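J.: My questions will all concern the structure given below.
The values are calculated or read from the model by the stated rules, or taken from the named source; none is laboratory data. Note that the coordinates shown come from a computational prediction; the quantities given were computed from them, not determined experimentally. FYI the Cβ positions are ideal-geometry reconstructions off the backbone, even for glycines, and counts take in every protein chain you see.
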Amino acid sequence: MIRIIIALTMLIALGREASSEVAAPRLKELATVSSEFVRIGDLVENAGAAADIPVFRAPDLGHTGTVPISRIAGALRPHDITGIDTGGLTEVVVTRLSRAITGKEITDRVARAFAGQFGFSEAQNLSVILDRDIRILHVEATVTADFAVSRINVEPRTGRFDISFDLPGSAVARRKPLRLTGTVSETVETTTLARAVRPGEIIKASDIQVERRPKAEVGSDALGAERVVGLTAKHPLRSGQALRLIDLMKPQVVQRNEAVTIIFEVPGIMLTVRGKALEAGAMGDVVSVLNTQSNRTIQATVTGPGRVVIAATTPIVAAAVAPSLDDPAPSHTQ
């Protein structure tokens, strides 16, 4: 019996010693909080019943601050927490958790608010420019809801808007609702130049880039990238300029006043005579050409550099190229 009592006494003593070791308060190096206040348990491990007692105001949402050991010791003294293991620390770093909402998320939400309303199209076609820059908006980490529109006004002609949002579940948003002003405009996918281009220069794939531009700026004759490559500039074009139909043309393979070969072809027979182009033309263009042998003007289709073809079904054209008694004999093949 005595042995049993002794064993129980030893077990109780060991249990108290182990309990004392587990319960020893220890300072934390880093603390994260989600409320407006820093509690003792946020700063000290094994703080016991005092863990939920607030002692400091937390940093702003999404921000980090430090608390010196001297301030912590002073805050813990009234609660009889002593003998803390500081682990050699001189301060505790405190971070307040938040949900960080980026400026892009906010402008995207504004675009969605206008999508399909006031004459605007889908959200992905809208460009939103805010009057004040918003990089990141911090709200409570527990808030997961989306912004809800509480008020919206817009001038469709200019795109000027004034919009306010609520954020359900956020005390921050209740105290200070999000109100934004700016401009919304519809954009279109536009082909622009990556470099300056001289008149007559052929546009290559490496010379262009595709980006979104305001629809009012580009107009209705904007060209897609697939239609631009291979065309030439009618006049000097600057880098970054949106390409329109009036700026470009097909490459001219026949120049005005250039000597050309006029071809008249029917099945089994091809006649050629010398001529002079009276106007420039690209592949497939119909241009005026002077038959230098008969001194008559005809209409011919440009088929290559220095080469035009006339239609066999046009009598006046056929007469224009048919050899006369006074003309030198034309070349022919059969």
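J.: Test of understanding: among Ala171, Ala216, Ala205, which residue is in contact with a Ser or Thr (Cβ under 8 Å, 6 or more places away or on another chain) and of a type in the set (A, V, I, L, M)?
T.: Just one listed residue meets the conditions, Ala216.
J.: Confirm whether Pro199 is outside the structural domain of Glu140 (by TED's automatic domain parsing) and loosely packed, with under 12 Cβ neighbours inside 10 Å.
T.: yes
J.: While we're on this one: When the residues of segment 109-133 are narrowed to those that are within 20 Å of Gly169 (Cβ to Cβ) and in contact (Cβ under 8 Å) with a residue 12 or more places away in the chain, which ends up surrounded by the most Cβ atoms within 10 Å (Cβ to Cβ)?
T.: Among residues in segment 109-133 that are within 20 Å of Gly169 (Cβ to Cβ) and in contact (Cβ under 8 Å) with a residue 12 or more places away in the chain, the one surrounded by the most Cβ atoms within 10 Å (Cβ to Cβ) is Ala113.
J.: To continue, here is another question. Return the residue satisfying two criteria in turn: it lies in segment 211-230 and is among the charged types (D, E, K, R), in a helix (DSSP H, G or I) and surrounded by 12 or more Cβ atoms within 10 Å (Cβ to Cβ), and of such residues it is modelled with the lowest pLDDT.
T.: Glu217
J.: Among the residues of segment 142-186, which ones are farther than 17 Å from Glu105 by Cβ, of a type in the set (A, V, I, L, M, F, W, C) and surrounded by 13 or more Cβ atoms within 10 Å (Cβ to Cβ)?
T.: Scanning segment 142-186 gives Ile152, Val154, Phe161.
Residues are listed down the side, and each one gets a yes or a no for (1) of a type in the set (A, V, I, L, M); (2) in contact with a Phe, Trp or Tyr (Cβ under 8 Å, 6 or more places away or on another chain); (3) crowded, with 16+ Cβ neighbours inside 10 Å; (4) not assigned by TED's automatic domain parsing to the domain that holds Ile136:
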residue: Arg26; (1), (2), (3), (4): no, no, no, yes
residue: Thr32; (1), (2), (3), (4): no, no, no, yes
residue: Arg39; (1), (2), (3), (4): no, no, yes, yes
residue: Val44; (1), (2), (3), (4): yes, no, yes, yes
residue: Ala58; (1), (2), (3), (4): yes, yes, yes, yes
residue: Thr66; (1), (2), (3), (4): no, no, no, yes
residue: Ala75; (1), (2), (3), (4): yes, yes, yes, yes
residue: Pro78; (1), (2), (3), (4): no, no, no, yes
residue: Gly87; (1), (2), (3), (4): no, no, no, yes
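J.: Can you find, within segment 1-39, the residue that is modelled with the lowest pLDDT among those that are more than 46 Å from the chain's Cα centre (by Cα) and within 30 Å of Glu140 (Cβ to Cβ)?
T.: The residue in question is Pro25.
J.: Go through segment 251-307 and give me each residue that's of a type in the set (Gly, Ala, Ser) and under 20 Å from Thr232 (Cβ atoms).
T.: Ala277, Ala280, Gly281, Ala282, Gly284, Gly304, Gly306
J.: Still on this structure: Looking at segment 257-288 only, could you name the residues that are within 15 Å of Gln299 (Cα to Cα) and either without any contact (Cβ under 8 Å) to a residue 24 or more places away in the chain or assigned by TED's automatic domain parsing to the domain that holds Val218 (or both)?
T.: Listed by number, the residues that qualify are Asn257, Arg274, Lys276, Leu278, Glu279, Val286, Ser288.
J.: Tally the residues that are closer than 13 Å to Phe264 by Cβ and either of a type in the set (Phe, Trp, Tyr) or touching a residue at least 24 places away in the same chain (Cβ under 8 Å) (or both), restricting the search to segment 297-306.
T.: The total comes to 3.
J.: If we keep just the residues of segment 91-106 that are under 15 Å from the mean Cα position of the chain (by Cα) and touching a residue at least 24 places away in the same chain (Cβ under 8 Å), which is farthest from Thr158 (Cα to Cα)?
T.: Thr102
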